[in-house]
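Asker: Take this structure first; my questions come after.
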Amino acid sequence: MTVEVGGQTAVVLNDYDLIKSCYQSNIFNGRPKLCAFETAFGLGAGIGTGQHLHWREQRRLAVSTLRTIQFGEGITMAGIVEAEAGKLLDDLAQHKGRPLNLTHILPKAVCNIVCAFVFGKPFEYSDPRYILMLWLVYQNFKLAGPSAVVYSSGFLAKLPFGPGKRLVDNLRAFKQFAEDHIAEHRESFDGAHIRDFIDAYLLKIEESRTGSMEESEVYKHLNLVWCVNDLFGAGTETTAGTLRWAFLYMVLYPNVQKRIQDELDCVVGRGRMPVLRDKENLPYVEAAIQEINRHADIGPMGVAHATTEETQLLGYTIPKGTLTMANAHLCHFNEEYFENPRQFNPDRFINSDGSFIKREEVIAFSIGKRTCPGEELARMELFFFLTHILHRYEVTIAEGSPRPTLEGYTSITRVPHPYMVQLKER
């Protein structure tokens, strides 16, 4: 199937096996041209936006750093996420049971985890620089709209007015934010003590000066700016949006919320908070998170790919540079894969012996060689934030508020309409 996206013809892949086959191939793992970014940043390439060697090498660095980085005395990324979950609970406690909207609360915690990874430290929620950065990321998702037209149109990016102009202005402001932090890192850089992703990248830049020509083309200052933008773009609104769906399902399906809390009480107890090692003993929590990822369908068409050369697909000739999109929505709601797919039911991922079933047809983090490099971190965040809040609170629809709907809206990601909740201490 073909559709028009931002003035370009895109091939939509509607079958899981076809998506898997294509996205395992280098031919289908390019990216479309992003004119707004090039206008704002210059001609560079990041992790999610880069082509060929650039994205592979930079993705490898990000994944490796996520798994090995330590903050202070042996604090890993898991420790950072756990600490941020505790900080979020403290923030929620300030509301003292009053109705609240999670739309702008959850992103603060999620974005702070990305800040720790990229900049080496989280921010205080009240820090003006942090508030500005969070606003820029949020606005850029809104400005992109339901299609790639603002990102991909060079004409719109260069107009002196309209959404293209606002997006470019926001990207330039974010670039300055990243540049300031990179400059601070250069002044205190010590290759023997890597504090965060920027340090890891600066070390690669140093090493590439005596390495191959290919390495020096990959690891350079402008590409680092692109990578910082990619990490914030991919690591904030996506996870925060999924969490907004998660708590919407909790208030609409209180039986699911109760089963999660019963499992937490049984495995964790009431005397401490959940920790990462509890995860393997919480199959219903795992099943609920996977069902949220499937049913919320936050990226119904995934991230656009582009062919790197002319190829053949099902008897059709696909020219070089053709956009391709994976129809995750059709996978997630396909009756061949999931019985009664419109029904929200975590039990579909529980085996007869009570163990968790991980189904490959849930492709919320994409599939193939360009699957989300932060998937492991995102799953960790979903686990900690969901379990910590439900361990302490019963989450309900705010008194006097209308019953929220599962009808979402799509900007870059599909997110729920704002809704009000109340938190009651358990």
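Asker: Using a simple spin-label model with points 7 Å from Cα along the Cα→Cβ vector, what separation in nm is obtained for Thr311 and Asn340?
Answerer: 3.9 nm
Asker: If you don't mind, there's one more thing I want to ask. If eta is 1.306 mPa s and T is 10 °C, what Stokes-Einstein diffusion coefficient results for the range 222-263, Kirkwood Rh from Cα pairs, in µm²/s?
Answerer: Translational D for this selection: 129 µm²/s.
Asker: If N is the number of residues in the range 289-344, what value comes out of its Cα radius of gyration divided by 2.2 N^0.38 Å?
Answerer: Ratio of Cα Rg to 2.2 N^0.38 Å: 1.45.
Asker: Rank Gly302, Gly315, Gly374 by mean-square fluctuation in a GNM of the chain with C-alpha springs under 10 angstrom and give only the top-ranked residue.
Answerer: In this elastic network of the chain, the residue with the biggest mean-square fluctuation among Gly302, Gly315, Gly374 is Gly315.
Asker: Within the set of other residues whose C-beta is less than 11 Å from the C-beta of Ala296, count the net charge using Lys and Arg as +1 and Asp and Glu as -1.
Answerer: Summing Lys and Arg as +1 and Asp and Glu as -1 gives +1.
Asker: With runs of 4+ DSSP H residues as the only contributors, calculate the mean residue ellipticity of the chain at 222 nm using -39,500 (n - 2.57) per run, divided by the residue total and rounded to the nearest 500.
Answerer: Theoretical 222 nm ellipticity from helices: -16000 deg cm²/dmol.
Asker: Would you mind listing how long the range 1-80 runs along its three principal axes, going by Cα atoms, in whole Å with the largest first?
Answerer: 53, 37, 22
Asker: Moving on to the next point. Once the dipole of the chain is set up with Lys and Arg at +1 and Asp and Glu at -1 on Cβ about the Cα centre, which of Gly46, Asn351, Thr413 lies farthest towards its positive end?
Answerer: Thr413
Asker: Right, here's the next one. Is there a quick way to get the dipole size of the range 1-113? I mean about its Cα centre, with the Cβ of Lys and Arg at +1 and of Asp and Glu at -1; what is the value in debye to the nearest 20?
Answerer: 80 debye
Asker: Of the accessible area of the range 175-217, with the probe set at 1.4 angstrom, what percent is carbon plus sulfur?
Answerer: 48 percent
Asker: Now for a separate question. Between the range 24-96 and the range 253-315, what's the alpha-carbon centroid distance in Å?
Answerer: Distance between centres, Cα-based: 19 Å.
Asker: Let me ask you something else. Over the Cα atoms of the range 330-426, each weighted equally, I'd like the Debye log10 I(q)/I(0) at q = 0.22, 0.25 Å⁻¹, rounded to two decimals.
Answerer: Results for the range 330-426 at q = 0.22, 0.25 Å⁻¹ read -1.44, -1.35.
Asker: Return the ratio Rg/(2.2 N^0.38 Å) for the range 232-314, where Rg is computed over Cα atoms only.
Answerer: 1.51
Asker: Counting only other residues whose beta carbon sits under 10 Å from that of Leu53, what net charge do I get with K and R as +1, D and E as -1?
Answerer: -3
Asker: Further, regarding this structure: For Lys20, give me every one of the lysines with a C-alpha distance below 17 angstrom, ignoring sequence neighbours fewer than eight places off in its own chain.
Answerer: Lys358, Lys369
Asker: Can you tell me which of 412-422, 221-231 comes out highest on packing, and rank the rest after it, using the mean Cβ neighbours within 10 Å?
Answerer: 221-231, 412-422
Asker: Pull out a ≥ b ≥ c, the square roots of the eigenvalues of the alpha-carbon gyration tensor of the range 271-412, then state rounded if a/c is under 1.5, prolate if not and a/b is larger than b/c, and oblate in the remaining case.
Answerer: Since a/c reaches 1.5 and a/b is larger than b/c, the shape of the range 271-412 is classed as prolate.
Asker: Using the heavy atoms of the protein chains alone and a 1.4 angstrom probe, what is the accessible area of the chain per residue in square angstrom?
Answerer: Solvent-accessible surface per residue comes out at 44 Å².
Asker: So how long is each side of the chain along the principal axes, counting just the alpha-carbon atoms, biggest first, in Å?
Answerer: 58, 56, 45
Asker: What net charge is computed for the residues neighbouring Asn345, neighbours being all others with C-beta under 14 Å from the C-beta of Asn345, Lys and Arg scored +1, Asp and Glu -1?
Answerer: Net local charge, Asn345 excluded: +1.
Asker: When the dipole is taken about the Cα centre of the chain, and only Lys, Arg (+1) and Asp, Glu (-1) are charged at their Cβ, what size is it in debye, to the nearest 20?
Answerer: With Lys and Arg at +1 and Asp and Glu at -1, about 760 debye.
The values are calculated or read from the model by the stated rules, or taken from the named source; none is laboratory data. Computed from a predicted model, the values in this text were never measured in an experiment. Positions of Cβ are backbone-derived with ideal geometry, glycine not excepted, and every protein chain shown enters the neighbour counts. Protein only, heavy atoms only, side chains kept; ligands, DNA and RNA dropped before computing areas. Shrake-Rupley method; radii C 1.70, N 1.55, O 1.52, S 1.80 Å.
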